[in-house]
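The values are calculated or read from the model by the stated rules, or taken from the named source; none is laboratory data. None of the values given here were measured: they were computed from a predicted structure. Virtual Cβ from ideal backbone geometry, glycine too; neighbours counted across all protein chains shown. Side chains included, ligands, DNA and RNA excluded: accessible areas come from the protein's heavy atoms. Shrake-Rupley method; radii C 1.70, N 1.55, O 1.52, S 1.80 Å.
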Amino acid sequence: MPEVAIVGAGPVGLLLGLLLRRRGTDVLLIEQRTQRSGHTRAIGIHPPALAVLEEAGAAEELIDAGTRITAGRALSGGREVARLAFSTVPGQHPFVLAVPQPVTERVLRRHYLAAGGQIVEGVRIVSAHDDGAGVSLCGQRAVGATAQRGPGEESGASVTFDAALAVGADGARSTMAAAVCAVSKPRTYPDTYLMGDFADTTGEPGTALLFLERDGIVESFPLPAGIRRWVVRTRQLQQPGAVELAELVGRRTGIRIDAGSNSMLSAFAVQSRLVRRMITGRIALIGDAAHEISPIGGQGMNLGWLDAAALAPIIAGALAGEPAASALRRFERTRRRAAVVAAAQAHLNMALGRPLPPPLLAARNRALLTVLRHPRAGQLLARRFTMH
């Protein structure tokens, strides 16, 4: 029986598993998927999360694989409204690192397995039972899943895992959150977006670009291998198309991008949610399983990693016989507060990008210019956008 069972082998579950293995904890990761998505999805790694990855021994490899975003520019109507330099933020990593999520997962998975961690794939956990002495997780094998199937066991068969403690890191539609009755009603927003990755034609490697336009914001971030991500606010959720996205970018920014170079497309709406509690007996929830926020601003994965960094020493201490009640209360209090702050920041980011009539847009841009003329204001804004 493993000491800790982690449900969900995405970036958050993998990092928690790695941090625990580096403390000598026996860990089992349980993952529903049998194949990984090739979509880049979450790309931004902020400086506080890089410090955690340093502790886990994975930062150097990810930095080598990524692109350093060292500055940000806000433009409107072809004119620069504001410029931020991330060189002023504290710590050893004064930049936001852009790495495609599949690369991040491969690196973390390799480090986790090298540290002696175990993974079972193709199992969907459907219930969890905490008897006060341990946790039993009941799951069902995905149809067609073959990984780690027992003798005579068929696809769709039920399977049970026992552990001293369990952690749900299984995303926004967490079955673990449902199992402990912690799910809360989400808050929905009117904002919808179209997102895609294309060959970079901006000539600004290392710089994030924000276009504050009357029809809505356009965001753009560099990725490795000469790729750039574009995120465009839309009037309604629409079917993603490379040509349509390229045309929207061109109309709002004047920048021509090659639709034929597209490597990823996605359309998404936005909601936020904070579970009723992150700790229930011997079961903890972290990452999107505990707090879903808008992806605008790129905080979600980083927030989950900081959950993992805060929880790992508490788990290791508890398994070694140390009192954990007060530490868990502090964990829940501080991480819920961090989620609320991140959600507020994401709300502000979305509000900043909503369509505005030309007079209001001009007034807003003038206000930004006035505020950011003061170096201290620019430093504070850079810290906020890098999650310091």
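Would you confirm, using the coordinates I've provided, whether ALA284 is touching a strand residue (DSSP E or B) at 6+ places or on another chain (Cβ under 6 Å) and over 27 Å from GLY72 (Cα atoms)? For ALA284, the condition - touching a strand residue (DSSP E or B) at 6+ places or on another chain (Cβ under 6 Å) and over 27 Å from GLY72 (Cα atoms) - is met. Quick one: would you say ARG233 is surrounded by fewer than 20 Cβ atoms within 10 Å (Cβ to Cβ), within 23 Å of HIS347 (Cα to Cα) and touching a residue at least 60 places away in the same chain (Cβ under 8 Å)? So ARG233 does not fit the description; no.
Of all residues in the range 358-369, those that are open to solvent by less than 70 Å² (accessible area, probe 1.4 Å) and at pLDDT 75 or above total 7. One residue stands out in the range 163-190 among those that are of a type in the set (D, E, K, R) and either assigned to a loop (DSSP other than H, G, I, E, B) or buried (at least 16 other Cβ atoms within 10 Å of the Cβ) (or both): the one that is modelled with the highest pLDDT, namely ASP170. Meeting the requirement of 1 or more residues that are hydrophobic (A, V, I, L, M, F, W, C) and without any contact (Cβ under 8 Å) to a residue 60 or more places away in the chain, the strands (runs of 3 or more DSSP E) wholly within the range 40-120 are 96-98. Of the residues making up the range 16-59, those that are of a type in the set (Val, Ile, Thr), out of contact with any Phe, Trp or Tyr (no Cβ under 7 Å at 6 or more places or on another chain), under 18 Å from ILE6 (Cβ atoms) and open to solvent by less than 10 Å² (accessible area, probe 1.4 Å) number 2. Selection within the range 322-353: residues that are outside any helix (DSSP H, G or I) and open to solvent by less than 60 Å² (accessible area, probe 1.4 Å). The member of this set that is nearest to ARG277 (Cα to Cα) is ALA324. Evaluate the range 317-326: report whether one residue or more is of a type outside the set (Ser, Thr, Tyr), modelled with pLDDT of 85 or more and under 30 Å from VAL99 (Cβ atoms). No - not one qualifying residue is present in the range 317-326. The set of residues in the range 370-379 being aliphatic (A, V, I, L, M) and at pLDDT 70 or above consists of VAL371 alone. Residue count for the range 88-144 under the criterion of being open to solvent by less than 40 Å² (accessible area, probe 1.4 Å), within 18 Å of THR67 (Cα to Cα) and either under 18 Å from the mean Cα position of the chain (by Cα) or of a type in the set (Gly, Ala, Ser) (or both): the result is 13.
Filtering the range 286-321 to residues that are within 24 Å of the chain's Cα centre (by Cα) and not in a helix (DSSP H, G or I) leaves ILE286, ALA290, HIS291, GLU292, ILE293, SER294, PRO295, ILE296, GLY297, GLY298, GLN299. As a summary of the residue check, ALA225 satisfies the conditions (1) aliphatic (A, V, I, L, M); (2) open to solvent by 20 Å² or more (accessible area, probe 1.4 Å); (3) in contact (Cβ under 8 Å) with a residue 24 or more places away in the chain except for the one numbered (3). The number of residues in the range 266-283 being open to solvent by 10 Å² or more (accessible area, probe 1.4 Å) and touching a helix residue (DSSP H, G or I) at 6+ places or on another chain (Cβ under 6 Å) comes to 3. For the range 202-222, a residue qualifies if it is farther than 21 Å from SER76 by Cβ and either outside any loop (DSSP other than H, G, I, E, B) or open to solvent by less than 20 Å² (accessible area, probe 1.4 Å) (or both), and exactly one does: GLY206.
Scanning the range 317-369 for residues that are over 30 Å from VAL218 (Cβ atoms) and of a type in the set (S, T, N, Q) yields a count of 2.
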